[in-house]
Amino acid sequence: MTPPNRELSKAKDLLLGGTRFLLTSHARPDGDSLGSQLALGHALKQLGKDVRIINKDSAPALYDFLPDLSTIEIAPSVNASCDAVVVLECSSLSRTEVAGLETQTIINIDHHPGNTTYGAVNWIDESACACAELVFDLIKALGAHLTPSIATNLYVGILTDTGSFRHANVTARTFDICRQIAETGINLTDVAASIYTNGSLGHLRLSGRVIDRIQIENDGKIAILVVNDKILVETECDPDDMEGIVNLPLASRNILVAMLARETNDSLRVSLRSKKGIDVRSVALSFGGGGHLNAAGLTVENPTQNTLDELVSRVAATILDTDK
């Protein structure tokens, strides 16, 4: 693979040399994908570039406070020429679920292991805790000024993708970037409060319901939370209210892996979180998903009655391998 710093230089040159750019990221956006897109988009506009941000899905309501969020367009496809498309935090182009990108010049910026290097530029740095770390470096390389709006979006990306600085991907580099973010004058406490203490009443009801029905397996090391349409209706929630619920069981000292299973008529979507070095990414990969060591996810279409049991068994085996 080309050294990351060489790919950063190529990305910088392509962005400085062009005028029209499209930014996108994965479907069902999260804090890192949104923060990375908005921060880079703001920086490019600061440099006089024409920028559009297009995603397949709308942002969860949790992120309504993000600066410039309203500039993101929601569309299943694109039919416009530009100098380059910057695809952020996608290990494969298909993860965007936006059609029409394959004909464009792609700048692929990602920190996920297993990236398929589908771009003309492939800046992949698995050591970064979040894509927002890479965007920070790119903004600096471009010579853009770190404004409060950019800083807020970058901080949200880092804060959420590190699990509030609890995941194993946090490094000294992470905190140095956050120091520079803080020096812009943004209120870090207010940003964190907007994410972690600004949920809906439905989120609270849903949390109580799934915790009340929590399933504990593997001698208390695995916690399983299940959400289906019936529970969402009874708690007057929508899928956005599920944000963050998967992390709740990890507050228990004995639970090493938390699983949130979203059941529908024809699919099973599972979010996995872990601690103490349990590699849930390997589990997700074995079911066609992906992610990071401590945070991963997967979707199984047309699951059988045994799919969830098989997943639990795979997680248990991973815990056993880690303990050896």
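Yes/no per residue for (1) β-branched (V, I, T); (2) at negative phi; (3) surrounded by 14 or more Cβ atoms within 10 Å (Cβ to Cβ); (4) touching a residue at least 60 places away in the same chain (Cβ under 8 Å):
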position: E133; (1), (2), (3), (4): no, yes, yes, no
position: L142; (1), (2), (3), (4): no, yes, yes, yes
position: S149; (1), (2), (3), (4): no, yes, yes, yes
position: D161; (1), (2), (3), (4): no, yes, yes, yes
position: H167; (1), (2), (3), (4): no, yes, yes, yes
position: T171; (1), (2), (3), (4): yes, yes, yes, no
position: I181; (1), (2), (3), (4): yes, yes, yes, no
position: L188; (1), (2), (3), (4): no, yes, yes, no
Inset, instruction - Enumerate the pairs (first residue in the range 99-126 and in a strand (DSSP E or B); second residue anywhere and among the basic types (K, R)) with beta-carbon separation below 8 Å, excluding pairs fewer than 6 apart on the same chain, so at least 6 apart or on different chains. - result: V121/K10; W123/K10
Inset, instruction - Please tell me if D30 is surrounded by fewer than 19 Cβ atoms within 10 Å (Cβ to Cβ) and either acidic (D, E) or in the same structural domain as G288 (by TED's automatic domain parsing) (or both). - result: no
Inset, instruction - Would you please name the residue that is modelled with the highest pLDDT, looking only at residues in the range 64-98 that are assigned to a loop (DSSP other than H, G, I, E, B), over 30 Å from S200 (Cα atoms) and of a type in the set (A, V, I, L, M)? - result: V78
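Look through the range 168-219, keep the residues that are part of a loop (DSSP other than H, G, I, E, B) and touching a Ser or Thr at 6+ places or on another chain (Cβ under 8 Å), and return whichever of them is farthest from D137 (Cα to Cα). Spell out how you get there, then give the answer.
Narrowing the range 168-219 to residues part of a loop (DSSP other than H, G, I, E, B): 168-171, 183-187, 197-200, 213-214, 218-219.
Now drop any that are not touching a Ser or Thr at 6+ places or on another chain (Cβ under 8 Å), which leaves 169-171, 184, 186.
Numbers: N169: 17, V170: 16, T171: 15, T184: 16, I186: 19 Å.
The qualifying residue farthest from D137 (Cα to Cα) is I186.
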Legend entry - All positions within the range 190-217 that are free of Cβ contacts under 8 Å to residues at least 60 places away in the same chain, closer than 30 Å to S313 by Cβ and not hydroxyl-bearing (S, T, Y): L206, G208, R209, V210, I211, D212, R213, I214, Q215, I216
Inset, instruction - Please specify each residue of the range 130-166 satisfying the condition of being out of contact with any Pro (no Cβ under 9 Å at 6 or more places or on another chain), closer than 15 Å to A193 by Cα and part of a helix (DSSP H, G or I). - result: Y155, V156, G157, I158, L159, T160
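Residues are listed down the side, and each one gets a yes or a no for (1) surrounded by fewer than 22 Cβ atoms within 10 Å (Cβ to Cβ); (2) among the charged types (D, E, K, R):
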| position | (1), (2) |
| --- | --- |
| A39 | no, no |
| A43 | no, no |
| L47 | yes, no |
| D50 | yes, yes |
| I54 | no, no |
| D57 | yes, yes |
| L66 | no, no |
| S70 | yes, no |
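The values are calculated or read from the model by the stated rules, or taken from the named source; none is laboratory data. In this text the structure is predicted, and so the values were computed from the model without any measurement. Glycine also receives a Cβ, built like all others from the backbone with ideal geometry; neighbour counts cover every protein chain displayed.
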